[in-house]
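Quick notes on the structure that follows.
The values are calculated or read from the model by the stated rules, or taken from the named source; none is laboratory data. None of the values given here were measured: they were computed from a predicted structure. Heads up, the Cβs are rebuilt from the backbone with ideal geometry, glycines too, and the neighbour counts pull from every protein chain shown. Just the protein is used for accessible areas: all its heavy atoms, side chains included, with ligands, DNA and RNA removed. Shrake-Rupley method; radii C 1.70, N 1.55, O 1.52, S 1.80 Å.
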Amino acid sequence: MSAPGAPGALPVAFALWRRSLNEVLRVRGALLPATIAPVVFLLGMSGQFGRLTGLDGFPTDSYLSWIVPLSCLQGAGFAGAATGSNLARDIEQGWFDRLLVAPVSRPVLLVGPILGAVTRSLVPATVVLVVGLALGAELPGGIPGLIALYVACAGFCAVAGLWGVFIALTFRTQQAGPLMQQGVFLAVFLSTAYTPEVLLRGWLAGAAEVNPVTQVLELARQATVSGIEPSVSNTVPGLLALAGMLVAFGALALRRLGR
Amino acid sequence: MNAAREGRVVLALGRRSLSVQFRRAQLLMPTFVLPLMLLAVIASGTSAAQDLREFPDVASYLAFIVPGTIIQGALLAGLTSGAALAADIEFGFFDRLLAAPVRRTSLVIGRQAGTLGLSVLQTVFFLLVALVFGARFPGGVDAALATIVLAGITAVGLGGIAAAIALRTGSLALLQSIFPFVFVLLFTAPAFFPRELLTPVLRDAAVYNPLTYVVEAVRGLLAGDSALGDPWVGLAAALGLAIATTALATFALAQRLRSL
């Protein structure tokens, strides 16, 4: 129960959401790394591996269309992981200790920053999508596909944000930043990032099969890959994977916060 | 006598540059771990590419893409040492060095010596890990040694660019935020795929990227097949890059001193 006169959970979450959005407006270039890195990967990967679509079993003849959702997820993931870096900075500078003594429940302290990250993730996801479309990626999934893509990005951003929060609360230093980003990097690339499951060989085939991000990518690829049409069967596994990861990483973050 | 003294200065600064980086593991993690992660994922994720008709006949796909990892390591070694120099400038250590009775160019070359050392360690590490995971290098030990030399010179060249930016701006944050641009240089070279199989735009761009010739040279050396890349052309490209960017860094230092 809140103390008499204490603000409710919603206004607190809203205020913290506004505060995390101010990072974008007041810190010049705050979103640049999360936006530029996926665009560079998009251009580089499609240029390097574009000819892979000539292999039997590749569902589309446009590698750019295959890789755009991956880069969107990557950008959203980096935006999410930045929540952890920002929290680590707040811990180092003592701001988070002051929040902890505020008369609000502790999970509310995480809701605002995670919502802020999800809002911020719209920027890299949209920039990557626009660059991809401008360079010739297709959009056969139409509006339903686009919705699936943005849901996948928002959900993955929240997962990455909770992972970043867990790492920040564990190590309590900004120096753990690379660990947050490399977690996102690994999660995305240990999936069907470059080729569909049928073309994966060796250990990566096994890893991609059990990695829930593979399902999230399928969800996102409904927008741009002609062989993966928007449908319930392509959507539900991705949503379930996102829900599972949110519960798992949310529990880890909350447990660490409780300590 | 003077040359011997300056040599000792360069060596001391190079050693310091290396030990500072090894004491800050968060700086080293991306340079050693990230290229290996990318190698593992690309090796397994794109090995079906060997089924493409135009793909060259190679003994080991892993060995074919290791040169990309080595050059990525060289890029990151250069960037990391540029970031460390920017940190020295921001925290005032570089100003103390400027007051020391040594030639100013030794300060730049000393930093480059540290980059060279880091690159040698990285390349040996990458080659050993690739060997453990089944890569075969028909070029043998001589080719591996030549690869280490080529990668070292390339890292010095890329470190020169980072040092020039650090000296010009003195901003650690800027050096850290140019990290994604490292991949522009990597991806505009045939780092992980044969040049003939790159998309036309990238194939055209690759001609102007000196790393193209270095990565192909390393590929040719390790595979023992000069059709994949000419080692001498790679050496010329790496040396040209190193000389040009060290001159650029020295010029940036002179500019900085003028503005003090």
- [ ] Have a look at A:Leu43, A:Leu32, A:Leu87 and point out the one that is hydrophobic (A, V, I, L, M, F, W, C), modelled with pLDDT under 85 and more than 14 Å from the chain's Cα centre (by Cα).
- [x] A:Leu32
- [ ] Only residues that are within 11 Å of another protein chain (Cβ to nearest Cβ), touching a residue at least 40 places away in the same chain (Cβ under 8 Å) and either surrounded by 19 or more Cβ atoms within 10 Å (Cβ to Cβ) or in contact with a His (Cβ under 9 Å, 6 or more places away or on another chain) (or both): list them for the stretch B:44-63, please.
- [x] B:Thr46, B:Ala49, B:Leu62
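Residue by residue, here is whether (1) in contact with a strand residue (DSSP E or B) (Cβ under 7 Å, 6 or more places away or on another chain); (2) open to solvent by 40 Å² or more (accessible area, probe 1.4 Å); (3) of a type in the set (Gly, Ala, Ser); (4) closer than 17 Å to A:Ala34 by Cβ holds:
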residue	(1), (2), (3), (4)
A:Gly141	no, no, yes, no
A:Val159	no, no, no, yes
A:Leu199	no, no, no, no
A:Ala205	no, no, yes, no
Open item on the list: Looking at the structure I just gave you, is B:Leu131 open to solvent by 70 Å² or more (accessible area, probe 1.4 Å), part of a helix (DSSP H, G or I), under 20 Å from B:Thr46 (Cα atoms) and out of contact with any Asp or Glu (no Cβ under 9 Å at 6 or more places or on another chain)?
Closed with: yes
Task: A:Gly77 in contact with a helix residue (DSSP H, G or I) (Cβ under 6 Å, 6 or more places away or on another chain) and not in a loop (DSSP other than H, G, I, E, B) - done: yes
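For the stretch A:56-78, give me each residue that is touching a Leu at 6+ places or on another chain (Cβ under 7 Å) and either open to solvent by less than 10 Å² (accessible area, probe 1.4 Å) or closer than 27 Å to B:Asn209 by Cβ (or both). Please lay out each step first, then the result.
Of all residues in the stretch A:56-78, those touching a Leu at 6+ places or on another chain (Cβ under 7 Å) come to A:57-58, A:63-64, A:67-73.
Listed by number, the residues that qualify are A:Tyr63, A:Leu64, A:Ile67, A:Val68, A:Pro69, A:Leu70, A:Ser71, A:Cys72, A:Leu73.
Give the stretch B:211-260 a look and list any residue that's among the β-branched types (Val, Ile, Thr), closer than 21 Å to B:Phe187 by Cβ and touching a residue at least 60 places away in the same chain (Cβ under 8 Å), or say none.
Here is the first cut: in the stretch B:211-260, the ones among the β-branched types (Val, Ile, Thr) are B:212, B:214-215, B:218, B:233, B:243, B:245-246, B:250.
So of that shortlist, the ones also closer than 21 Å to B:Phe187 by Cβ come out as B:212, B:214-215, B:218, B:233, B:245.
Result: B:Val214, B:Val215, B:Val218, B:Thr245.
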TODO: Mind listing whichever residues of the stretch B:183-200 are more than 9 Å from every other protein chain (Cβ to nearest Cβ) and surrounded by fewer than 24 Cβ atoms within 10 Å (Cβ to Cβ)?
DONE: B:Leu185, B:Pro194, B:Arg195, B:Glu196, B:Pro200
Open item on the list: I need the helices (runs of 4 or more DSSP H) fully contained in the stretch B:171-221, keeping only those with at least 1 residues that are at pLDDT 90 or above and over 23 Å from B:Met37 (Cα atoms).
Closed with: B:200-206
Open item on the list: Of everything in the stretch B:169-182, what is among the aliphatic types (A, V, I, L, M) and open to solvent by 50 Å² or more (accessible area, probe 1.4 Å)? Give them in sequence order.
Closed with: B:Ala173, B:Leu174
